[in-house]
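So the structure is just underneath, and the comments pick up after that.
The values are calculated or read from the model by the stated rules, or taken from the named source; none is laboratory data. Remember, it's a predicted structure, so these values are computed and weren't measured experimentally. Heads up, the Cβs are rebuilt from the backbone with ideal geometry, glycines too, and the neighbour counts pull from every protein chain shown. Each accessible area value is taken on the protein alone, full model and side chains, heavy atoms only, with ligands, DNA and RNA left out. Shrake-Rupley method; radii C 1.70, N 1.55, O 1.52, S 1.80 Å.
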Amino acid sequence: MSLLEVKNLQVAYGGIQAVKGIDFHINQGELVTLIGANGAGKTTTLKTLVGMVKKSGGSITYDGKDTHGVPSHHFVSNGLAMVPEGRGIFSKLTVEENLLMGAYYRNDKAQILAEIDHVYTLFPRLKERYKQLAGTLSGGEQQMVAMGRAILSKPKLLLLDEPSMGLAPIIVQKIFEIIQQVAAQGVTMLLVEQNAKLALEVSQRGYVMESGRISISGPAQDLLNDDRVRNAYLGE
Ligand code: ATP
């Protein structure tokens, strides 16, 4: 069964249709990538999934239930977590306080502490800096905090919006390693990325979005070999 099933999703900002009726699904345990040019509607799609933006039509079924009318804050407690573009960390809180914010809806304290340790194993850099104010971290470190915080919410479905944006290649590599490790632990993920090659290489399937519609979809390997994708998104 699909963990997420999106049918004929439409989103408009005022009179402008940003998402024009898209269908896609994510199966339990899958890592799926959504690629597309700037302004194609990728971020809007993610925001709609977590209720930050209202859909104007279509349906979203998450974990077997239609999400229509479900308030945004219920999504996190239902296992849907998003790491937004630009990270959305709390700059005046320390690294560790930011991580704890991810566990806000949980009360299994011992387990939370064990998982914070786990996040520190994934990102030793954060352990070294656990008392540092998050606003003073580098871009890559902030991305680590944002991902760590999302992991602490124990997501069933993790939505990652442009995790590699603005980061040095070596940090991008690290972030993608973590994405693969989190996926290997059974977390289902939807990844939006400009870095289409890396994203498709770690994914099982992909979708290409163009001007609010899905134009191409299929196994990630097929997309990597597709001439249209290669020309438009892989810079080949
Ligand atoms: P990028 O890769 O540049 O982040 P994207 O594929 O994520 O692009 P969106 O951010 O979803 O694209 O934007 C889709 C379209 O909707 C764009 O034309 C954008 O200008 C428009 N848009 C996004 N947010 C708003 C908003 N709050 N109000 C009006 N228009 C918006």
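Overview of results
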| quantity | calculated |
| --- | --- |
| Highest average packing first - 104-117, 140-153, Cβ atoms within 10 Å | 140-153, 104-117 |
| Fraction of accessible area attributable to carbon and sulfur, the stretch 139-201 (%, probe 1.4 Å) | 54 percent |
| Cut-off under 5 Å, modelled amide H: who pairs with Thr188 long-range | Gly29, Leu158 |
| The stretch 69-121 - Rg and Dmax from Cα coordinates, angstrom | 12.4, 38 |
| Cβ-derived FRET efficiency at R0 30 Å, Lys197 paired with Tyr104, nearest 0.05 | 0.25 |
| Of the DSSP H helices in the chain, those whose Cα atoms cover at least 18 Å axially and whose Kyte score averages -0.5 or more | 109-122, 139-152, 169-184 |
| Evaluated at q = 0.08 Å⁻¹: base-10 log I(q)/I(0), Debye formula over Cα of the chain | -0.28 |
| Mean separation of Cα contacts under 8 Å (6+ apart) over length of the stretch 110-236, as relative contact order % | 17 percent |
| Accessible area per residue in Å² at 1.4 Å probe, computed on the stretch 176-236 | 45 Å² |
| Within the accessible area of the stretch 1-71 (1.4 Å probe), percent carbon and sulfur | 52 percent |
| q = 0.25, 0.26, 0.28 Å⁻¹, the stretch 1-69: log10 I(q)/I(0) [Debye, one scatterer per Cα] | -1.21, -1.29, -1.42 |
| Potential lengthening between Asn27 and Glu128 on full extension [0.36 nm per residue; Cα-Cα distance subtracted] | 32.7 nm |
| Value of Rg/Rh across the stretch 24-136 [Cα atoms, Kirkwood radius] | 1.00 |
| Semi-axes of the equivalent ellipsoid for the stretch 79-182, Cα gyration tensor, largest first, Å | 19, 15, 13 |
| Mean-position separation - Cα centroids, the stretch 87-103 and the stretch 198-236, in angstrom | 33 Å |
| Of all DSSP beta bridges in the chain, antiparallel share, percent nearest 5 | 55 percent |
| Of Gly69, Gly88, Gly39, the one that fluctuates the most in a GNM where the chain has Cα springs shorter than 10 Å | Gly69 |
| All lysines inside 17 Å of Lys7 as judged from Cα atoms, apart from same-chain residues fewer than 8 positions distant | Lys20, Lys42, Lys47, Lys54, Lys55, Lys65 |
| Extension gain, Gln185 back to His73 (0.36 nm per residue minus Cα-Cα distance, nm) | 37.8 nm |
| Calculated over the stretch 168-228: convex hull of Cα atoms, volume per residue (Å³) | 94 Å³ |
| Amide proton proximity set for Ala18, modelled H, under 5 Å, gap of 5+ | Val11, Ala12, Tyr13 |
| Computed E for Arg230/Thr136 - FRET, C-beta separation, R0 41 angstrom, nearest 0.05 | 0.50 |
| Met101 - accessible surface, heavy atoms, 1.4 Å probe, Å² rounded to 10 | 80 Å² |
